[in-house]
Each structure stands twice: as structure tokens, then as C-alpha cells.
Number of protein chains: 6
Amino acid sequence: MIYLTRRERFSSAHRMFRPGLSDEENMRIYGKCSNPLWHGHNYVLKVTVRGEPDTETGFFMNATRLKEIMTVKVVAKLDHKNMNLETDFMAGKVATTENLAMAIWNELAAPLTEEGATLHCVRVEETENNYVEYYG
Amino acid sequence: MIYLTRRERFSSAHRMFRPGLSDEENMRIYGKCSNPLWHGHNYVLKVTVRGEPDTETGFFMNATRLKEIMTVKVVAKLDHKNMNLETDFMAGKVATTENLAMAIWNELAAPLTEEGATLHCVRVEETENNYVEYYG
Amino acid sequence: MIYLTRRERFSSAHRMFRPGLSDEENMRIYGKCSNPLWHGHNYVLKVTVRGEPDTETGFFMNATRLKEIMTVKVVAKLDHKNMNLETDFMAGKVATTENLAMAIWNELAAPLTEEGATLHCVRVEETENNYVEYYG
Amino acid sequence: MIYLTRRERFSSAHRMFRPGLSDEENMRIYGKCSNPLWHGHNYVLKVTVRGEPDTETGFFMNATRLKEIMTVKVVAKLDHKNMNLETDFMAGKVATTENLAMAIWNELAAPLTEEGATLHCVRVEETENNYVEYYG
Amino acid sequence: MIYLTRRERFSSAHRMFRPGLSDEENMRIYGKCSNPLWHGHNYVLKVTVRGEPDTETGFFMNATRLKEIMTVKVVAKLDHKNMNLETDFMAGKVATTENLAMAIWNELAAPLTEEGATLHCVRVEETENNYVEYYG
Amino acid sequence: MIYLTRRERFSSAHRMFRPGLSDEENMRIYGKCSNPLWHGHNYVLKVTVRGEPDTETGFFMNATRLKEIMTVKVVAKLDHKNMNLETDFMAGKVATTENLAMAIWNELAAPLTEEGATLHCVRVEETENNYVEYYG
């Protein structure tokens, strides 16, 4: 079993808040991350898939194909977007890095299975000091 | 003459657009960076000052003091903010990295002179692939 | 289950040596790292906690709270200190990165449990080429 | 149990191709990575070993010894070489990162056992955007 | 005057050698970099242009346009290529980083002038420890 | 004219203080950096030399030779040392990064001239957030 990881990046605006709460209550829970006028990040996305390398080709999934799936299913829906307002798979969710990682997992698991690979980990890095990992 | 550089970071939302133009015209000039619903970045700010080290203390400006001035005058006004709507020194300006670097220069030059240092360069990195430098 | 990691940094002096041995014997075991007049590093500390995100808030532990606990319990006792002489939780231990990682685990496990999180991994990077991980 | 990781680097030329296939067929499978006149990378190699730290020395394997083994068994055979034509342990294999990671595992597992350490992971990073991990 | 820098990357094979000399003489001058069977690197290219920002648009050259010119004129001719054998602007030159930086300058200066920008610096990083800068 | 830069690293203990002052006075000037029991850093040293590339060899100074001079003249005297107590060229100087950069310049200028290169810049990075440059 081999693990292959591909890194992609996207720049998004977001805000952490719960619709039913006041700005003050959201500020208490999420701090400056709940700023009503948005802020944003250069997110780093690392997707790890696993599989048995084919003995003839020497791999189980081409990294270029992994990049394509990540781009179409995830990055194109987040890059230079407002993830709260424009990203379909984040609709109705609090835009925490945790929820983002789980939502990205749901977008990628099936398409990767169709390629003969198994999704192993979705890692989302929000800043150089914070990141989240989800293993399904 | 010695050059001292301090790195700070801030995460902001922004949009590049000219108020008098339509969304289509702004999209033609600025591309996806003009998305009306905002996007954002983890900006890296590097400020370089120069001076003659004092022969007794061995420096001309404490890096901690440089950090304080950068934080109060610049970072606190940009971090977890929408720079188009909330940052006083960006009011009425197109939020390009170029304009941002020049505006930061204007905020820092005088306070640094008061400390006995000379502002040499403001560098703003928008992503790992793009940055701007301004020398006054 | 989600894994959240926070990165912090500290700059410390240290020396690897066993008190009962001569400088020559320590040099044979630890090499230049046993220099009697100390040396130091910019250590990078990555602490990973795991938990079930709350369905309402979208996280199980605020990264800011994780940062506070790491700062109070660990970083403040190591940063700009001599870890052999000044860090209480390293007293009587050889100052290897391995012992440091295990000692940091012991400082953090209980306070993190009180926050409803489970400590998963302590990673200490001594240089860009060497790091140690401890999973309890 | 503690995990110790050492990073080393090597710069190699390679080409991905299967000898029995035409250049066109190889191009279809491997893309530009099958260029017949070679290309190359700055590879990053991270080797993780695990063990129980000795209570007296505070470690189970000196990082300097790990570096020596990595250098002699792996890096010296790849650095500034053509891995398809000059690296004995890659002979007859398609030069994918996956095959490279597995071949490096085979070179390191026994020598590390002799040192009292257990090989845990071989990670090979081909670019800043792609890497492979093998756990045996 | 503002300075704008764009980073691009390419992976190439190369060899440093002078055609009239024996392999032994080349090895004496260039060391392992003259290996006759090639080696390679992940090169990082940073191109800096300067200009006066337009007061209406807030920039003097779109970073996306800079990327396009770098890609067409330089990166496409080097990436996944053998720069000694396949890159037209390196033909007949010793493939040192110094010569590469000067050759890239020659490819970029005129097209950038046509865009209203002035080429300021070409920086080529061969490894994380070595880079070359050329200012014309 | 071409500029060649080589990066090296060293890990040292140090303390910023002036011998004639009390610990309290030093603390007021240098803050936590004056801790009497030392602290330390992973310093990054970048040395830039300039010259005219030889038209036959394609360079003016081999990067390997630059590395050797940096190692013998500077790095070997600082790495895994206490720079206040053990580094001859820092004797009698306050161990600021500014003084360190100027002292390194003095060690390197003459040996580099003998190699036919001109020392252009000494850059010393103390942490990822602070660095100093000296141009003579």
C-alpha cells in the first residue's frame, strides 16, 4: 500500500458565524474570525489517496489525474470565492476549517473511488500555524 | 549602515475593482480578483529599516519596537478585516497589492523616523507566487 | 473525528549530557550537541488534538484556546530560556528532543482533557532536518 | 514509543517509461514525465524510525547515525545521478516516486534494524506539490 | 516606482561541461555537476519587473500577464526538458545557473518592454542553498 | 555582473548584554534576549558574492568553493557553540544579529577577494521573523 499526496491552494473569503446568533454572541464563540464584513486566507489543501501500485506502470493513480479531480470538484468552487455565499458544498454550514475539511472529503471520496484510489486524508491548512486533518 | 527586516502576517478579505466600472469591465481588468462577493489572502508583510548601529548597544532599533509599530499602525487595521471597507488608509483606493504597499509605506515612514530609523522597503506578499516591493 | 494542529515556536539553549559522565564520554555519545558551554535552536512545536466537532459550532476546540494552553504550559517555560537549567519539567532529564517531546506531552495531556479535547501527537522539530513525534 | 525523522535531499535525473512501449504510449501513460531526453528534480527524502528511548541516554538512535545510513545506502546512489541508468536499486524498475519509495525502504530496513531501530515510513517528495509515503 | 515579482517553477535535467574538455577535466571544474548521464533540479524562477502604477487601475502590469510571458517564453522551454539538448536559448552555452539566468533575461526583456514594464531582476534558484541573480 | 548566493545554517547559544550594566539594565535594553543563562537559535546565513562570469566556464566562483570558505571561516566557529564565549571574531562584542553580520563580513571579505569574487551582502536570519543585512 502506497500513499500519494497532492497539494493545491485556494484563496477564499469567509466568516465563522451561526445565523441564529447575534454578532456579539458570534464574536464570543469565534472571535475576530466572525467579523461580519469577512476576512480571508490562502488555504493549502493536501489530499492523500492510497492504493497498490500497478506492477507494470509503477503507480496506482497519476498525480495529474488527482490534481484534476481536486481542481474540478473542490478548488474551482473555492478559489477567489466567498465560501459562505458561493461554495455549494458549504451551504448551510459554519465555515470552520473542520467543516470545510469534512465537506471536501464528501466531494472527493466517490470520484476517487471511480479512479481506483481510496481517499485517505483531507488536510486543510488555514494559516502557517493552524491546520485540520480528516480521515473519514 | 545595517538593514533590519521584520516579518508580520495578516489575513484580510479584499476585492479589486474601480467603482465607476461595471462588474464585467472590472472582471476584464482584474480577472477573478474582482469577484463582487470578495475573496482573501494570508498576506505577509516585510518591513526593512536601515540605520547605523549604536556602538554600545549593537543595534539601531530593537526588532520588538519595530514589531510594535507595524502591529499598531498596519496589522491591527488589516488582520481579519475587509481592507476595502474597514481599513482607513485604503479608503478610496483600488485594493491592489501595489496600492497596499504604498499605503503601508505612508503609515510607517514617520513613526519610524521618530524612532531614529529610516524606512527602506515595504514588501507585501499576496501569495507564495506574487509579491510587491516599494522603496518610497 | 477531526484532528486539529497548532504550531508554536520557541528559542532555547540546551546541552545533551549525562551528569555522571565526563565531557569526553558525553562527546562520544552526543557529539557536538554536548558542548559544555551550550548551543541552541529555534524549536518548532506542533500539537495535534482530536475530537468530534460540535454540530452547532463546527469545531470541538478553538485554535486560540489551544494556543493559550501551549503558551502557558510549555512555550513560556522554554522560550529564551536554558532548558537544562530553567525549565521545570525538564529538570533531571537529558535534554534530547525525544525527552522534550515526552515531557511536553505530560504537561499538555490533562489540561487538554479538561477542554474536552484528546491530545493526539506532540511533534518537536529541532532543525529543518530533524524532528521527533510522540503519541503517548 | 518515539518516532524520529531525518530529512535529506538529492538531485537526480529520471524518466518514467516502460521499455516495451513506444514513446507515444509512454507519453499517454506518464505525460511529460516520460520525456526521452530526461528531466530531473530536487527530491526530499524523509525517513522515520521508531523505538523506545533508552532511559539513560534519552534516545534510541542518534540522528547523526540515521543520517549516515541514509547517505551511504541511498543518497550517495541518487544524488547528481541518473536514477534510471546509475542507481543499482532502481535497475529494471519504472522510475516512479512510488517505486523509488519502496526501493529505498528495501535498502534501509535491514541496516536500521541492526542499529536497534525500526523503519516506520519512507517519504519521497518530488516537488513541493507531490509526495509519496510507504510504510512497508 | 513599484517592483512586482512573480515566482514560477520548472524541473529540468542538465549537465555542466565544456565540449572540448575530457570528462576528467570537466569533473575537476564542475565536480559532480558534470556527471555525463545528467542530473536535474526543481528550479525556482523569480522575475521582478518595475514600473509606475497607473493611478486608475492601481498597477502597471497584471501579475497574470507576467505569468503568461514567463510561461511561454521560458518555463515551457525548460520544464520536463533537458536544458542542454532541448532548450533553444541554452544551445551552445555551458548550463550553469549563471548562464541560465542571463539567457532568461534575454528572452524576457523585450516582451516585457512591450507590456510597458521594465525587467529588473532574474533570479534562478537551483536548490534551497544556491541561487543566482542577474540585473542586466 | 552576476550575484551568487549560498545559504548555510548554524545553531548557537548567545546572550545580548553589555558587561558594564546590571541584569536589570540589560533586560530593559534587550528584553528576554539578555537572559543570563543563555538561549539560542538556528541561524540562517546567506552570503552573496558578485563577479563577471568567465565566458568559458560560465561562472566566476564555484558555489562549492563559496560553501567551503563560509564553513571554515564562519560556520565552524559558530555551530553548536556559545558565540559570546567561544567565537573568536565575536569576542568583546554585544552578540546582536547586527554585530554578528558585520563580524561575518570582516571574516569573509578578504578570503573571497583572493578567489576573485567580491563580497556583496551578508544576511543573517535569527528567526523566521527577523533578519539583518550588511553590505559593507
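The values are calculated or read from the model by the stated rules, or taken from the named source; none is laboratory data. Nothing here was measured: the structure is a model prediction, and the numbers come from that model. When we count neighbours, we look across all protein chains shown, and the Cβ atoms used for this are built from the backbone with ideal geometry, even at glycine. Heavy atoms of the whole protein, side chains included, go into the accessibility calculation; ligands, DNA and RNA do not. Shrake-Rupley method; radii C 1.70, N 1.55, O 1.52, S 1.80 Å.
Per-structure values
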quantity: Hits in the range E:69-83 (condition: surrounded by fewer than 21 Cβ atoms within 10 Å (Cβ to Cβ) and either polar (S, T, N, Q) or free of Cβ contacts under 8 Å to residues at least 12 places away in the same chain (or both)); calculated: E:T71, E:V72, E:A76
quantity: Every residue from the range E:52-111 that is under 20 Å from E:T5 (Cα atoms), aromatic (F, W, Y) and in contact with a helix residue (DSSP H, G or I) (Cβ under 8 Å, 6 or more places away or on another chain); calculated: E:F59, E:F60
quantity: Hits in the range F:118-136 (condition: surrounded by 17 or more Cβ atoms within 10 Å (Cβ to Cβ) and among the aromatic types (F, W, Y)); calculated: F:Y131, F:Y134
quantity: Residues of the range C:1-45 that turn out to be touching a Leu at 6+ places or on another chain (Cβ under 6 Å) and more than 7 Å from every other protein chain (Cβ to nearest Cβ), as a count; calculated: 2
quantity: So F:G51, is it surrounded by fewer than 19 Cβ atoms within 10 Å (Cβ to Cβ) and either under 30 Å from E:A101 (Cα atoms) or modelled with pLDDT under 95 (or both); calculated: no
quantity: Test for A:R6: is it part of a helix (DSSP H, G or I) and either touching a strand residue (DSSP E or B) at 6+ places or on another chain (Cβ under 7 Å) or touching a residue at least 24 places away in the same chain (Cβ under 8 Å) (or both); calculated: no
quantity: Selected residue [of a type in the set (A, V, I, L, M), in contact with a Ser or Thr (Cβ under 8 Å, 6 or more places away or on another chain) and within 14 Å of chain E (Cβ to nearest Cβ)] from D:M83, D:M90; calculated: D:M83
quantity: Some residue of the range B:54-75 being more than 12 Å from the chain's Cα centre (by Cα), at positive phi and within 14 Å of chain A (Cβ to nearest Cβ); calculated: no
quantity: A:L66 vs. criteria open to solvent by less than 20 Å² (accessible area, probe 1.4 Å), more than 21 Å from D:G136 (Cα to Cα) and among the aliphatic types (A, V, I, L, M); calculated: yes
quantity: Number of the exception - E:M90 against (1) within 30 Å of B:R28 (Cα to Cα); (2) touching a residue at least 12 places away in the same chain (Cβ under 8 Å); (3) open to solvent by less than 20 Å² (accessible area, probe 1.4 Å); calculated: (1)
quantity: Residue list for the range B:9-28, filter: touching a residue at least 24 places away in the same chain (Cβ under 8 Å) and not hydrophobic (A, V, I, L, M, F, W, C); calculated: B:R9, B:S11, B:S12, B:H14, B:R15, B:R18
quantity: Residue, surrounded by the fewest Cβ atoms within 10 Å (Cβ to Cβ), within the range A:13-30, restricted to residues that are among the small types (G, A, S) and more than 20 Å from the chain's Cα centre (by Cα); calculated: A:G20
quantity: Failed criterion for E:E115 (all others in (1) more than 14 Å from chain D (Cβ to nearest Cβ); (2) open to solvent by less than 60 Å² (accessible area, probe 1.4 Å); (3) touching a helix residue (DSSP H, G or I) at 6+ places or on another chain (Cβ under 9 Å); (4) touching a residue at least 12 places away in the same chain (Cβ under 8 Å) hold); calculated: (2)
quantity: Test for F:A101: is it over 21 Å from C:Y43 (Cβ atoms), open to solvent by 10 Å² or more (accessible area, probe 1.4 Å) and among the aliphatic types (A, V, I, L, M); calculated: no
quantity: Conditions (1) assigned to a helix (DSSP H, G or I); (2) under 25 Å from A:K77 (Cβ atoms); (3) in contact with a Ser or Thr (Cβ under 6 Å, 6 or more places away or on another chain); number of the one not met by B:Y30; calculated: (3)
